[in-house]
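Before any comments, here is the structure.
The values are calculated or read from the model by the stated rules, or taken from the named source; none is laboratory data. Keep in mind that what you see is a predicted model, and the values were worked out from it rather than measured. Cβ placement follows ideal geometry from the backbone for every residue including glycine, while neighbour counts extend to all protein chains displayed. Note: accessible area is taken over every heavy atom of the protein model, side chains too, but ligands, DNA and RNA are not part of it. Shrake-Rupley method; radii C 1.70, N 1.55, O 1.52, S 1.80 Å.
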Amino acid sequence: MARPALGRLIAFGNQKGGVGKTTTTINVAAALARKGRSVCLVDVDNNRGLTRTFSVPEEAFRSTFDIFTGEAEASECIIKAEFQTLLNGTEAVVHLPERFAIIPASRSLESLDQVIAQRPSIRPEKNFARALADLRSSFDYVFVDTAPNLTTPTVIAYNTVPWFILTARPGKTAMDSLSDAVQDLLQVKQFGAEGRLLGVVLTEVDVRTRLSKDIVQFVDEEFRATLENKKTVKLGFQNHISKTIAIEEAPYAAQTIFDYRANSRACAEYEALAEEIETRLKNFESLFGMTRGQADEQKRAANE
Ligand SMILES: Nc1ncnc2c1ncn2[C@@H]1O[C@H](COP(=O)(O)OP(=O)(O)O)[C@@H](O)[C@H]1O
Ligand SMILES: [Mg+2]
């Protein structure tokens, strides 16, 4: 099995809550872990969707707050294998999948702006960038689950990672929220961010419905990247995730869909999507890498 280049950093985002960011982040990561890749999921959302999915007890672990403030190194915040917690009111042991680690968020993330204002010597961007650099040397993938608005942790995450994936679900406001997300990404880019849109994942899709057909068509038409060789590629991923009850139930067991319901059709869908994401990363890295190299070549030639 060919291994991916070490340390692919991807942020999952959308400027709207409840569009499947956290669920997609978790289950794509689980699919990659089953393929033999090691994945670390990092929660920078003050709503703590990822952290709450696994019922991580807040007081027991260091979190992204400690990373931003420089009080902890990434390695001190990683949760792996299993831990004790209260699950739906009962003492329980949560088992994380193999090769699947998380760094939780804590409620203190909400006060990060105030903490920084009081202690201007804190360099949250630098601290976070160092943490991601550490993580990229020990994991094949690092996925950052972001907040649905431009909070400081989310802006910093967007500024630090090379790739974004947007997630969307069918619905009345889906198209607006996707456009808003792209606008926000562009705004962050004006601050010098490097990131590129890797693709758009559609989830909770039911192809029989009008709303699902509309969003698939919208993404197909609106989300394209023009490469420097003028070739256009569609950014919507071909593999969608269906609306599935088991996906909604899995967090109550603090499990990924693979551990909760191995025979769910969603497992095959997440596996296909994970495969598509890996393939696209490989293609985009070489396409963009190549075109960027050519541009440098031209600049050099022009300067001579
Ligand atoms: N494919 C799906 N089928 C059914 N429910 C889903 C699916 N994807 C996500 N959900 C549910 O939608 C809700 C919002 O998803 P979540 O991943 O928390 O969104 P976000 O992180 O964008 O706020 C959750 O209750 C989740 O279980
Ligand atoms: Mg979330």
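Over the range 8-303, what percent of the accessible surface lies on carbon and sulfur atoms, probe 1.4 Å? Accessible surface attributable to carbon and sulfur in the range 8-303 totals 48 percent. Considering the options 137, 161, 237, tell which one lies farthest towards the positive end of the dipole of the chain, charges being +1 on Lys and Arg and -1 on Asp and Glu at the Cβ, about the Cα centre. It is 237.
Considering only 200, 78, 255, the residue lying farthest towards the positive end of the dipole of the range 8-303 is 200, judged by Cα position with unit charges set on Cβ.
Label residue 206 and residue 110 with points 7 Å out from Cα along Cα→Cβ: what is the distance between them in nm? Taking the two extended label points, one gets 3.4 nm.
Residues considered: 85, 146, 22. Largest GNM mean-square fluctuation over the chain, using C-alpha springs under 10 Å, is found at 85. Listed by chain and number, the lysines placed with their C-alpha closer than 24 angstrom to that of residue 80 are 21, 35; residues fewer than eight positions away on the same chain are left out. Ratio of Rg to Rh for the range 8-303: 0.97 [Cα atoms; Kirkwood radius as inverse mean 1/r over pairs].
At 1.4 Å probe size, with every protein chain present, just tell me what the per residue accessible area of the chain comes to in Å². Walk me through the numbers before you get to the answer.
On the way: 14520 Å² over 304 residues.
On a per-residue basis, the chain sits at 48 Å².
In the chain, the DSSP beta bridges split such that about 30 percent are antiparallel, to the nearest 5.
Go through 126/243; 16/282; 172/234 and tell me which ones have a Cα-Cα distance over 31 Å in this structure.
Pairs exceeding 31 Å: 126/243.
GNM, the chain, Cα, under 10 Å: largest mean-square fluctuation among 145, 214, 66? Fluctuation is largest for 214.
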